[in-house]
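What follows is a set of notes on a single structure, which appears directly below.
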Amino acid sequence: MIQHRIVLQFLVTLLGLHYERARSKERGASAVEWVIIAAIVVGLVGIIAGILVPIIRGKAQEVGNEIEGS
């Protein structure tokens, strides 16, 4: 649970920094930065899904087994 909070805090901070940059007069490479942010977010979602899906499937199997055993 603590790791999820750290990841969320990191993402909020990162997005806040990029929002401030996008609002500033210097626009430079903001499109490239947003692509990088999007790639990071997609990667994190993939990692989180990779962790949660097996857990959820295992619990669903336990529930199914419990129902069959009743």
All but one of (1) more than 22 Å from the chain's Cα centre (by Cα); (2) modelled with pLDDT of 80 or more; (3) among the small types (Gly, Ala, Ser) hold for SER70; which doesn't?
(2)
Output for Cβ contacts, cut-off 8 Å, separation at least six or different chains, first residue modelled with pLDDT under 80 in the stretch 24-40, second outside any helix (DSSP H, G or I), reads none
Go through the stretch 32-51 and report how many residues are loosely packed, with under 10 Cβ neighbours inside 10 Å and over 15 Å from the mean Cα position of the chain (by Cα).
1
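The values are calculated or read from the model by the stated rules, or taken from the named source; none is laboratory data. In this text, all values refer to a predicted model and were calculated from it rather than measured experimentally. Because the Cβ atoms are built from the backbone with ideal geometry, glycine has one as well, and the counts that use them run over all protein chains shown.
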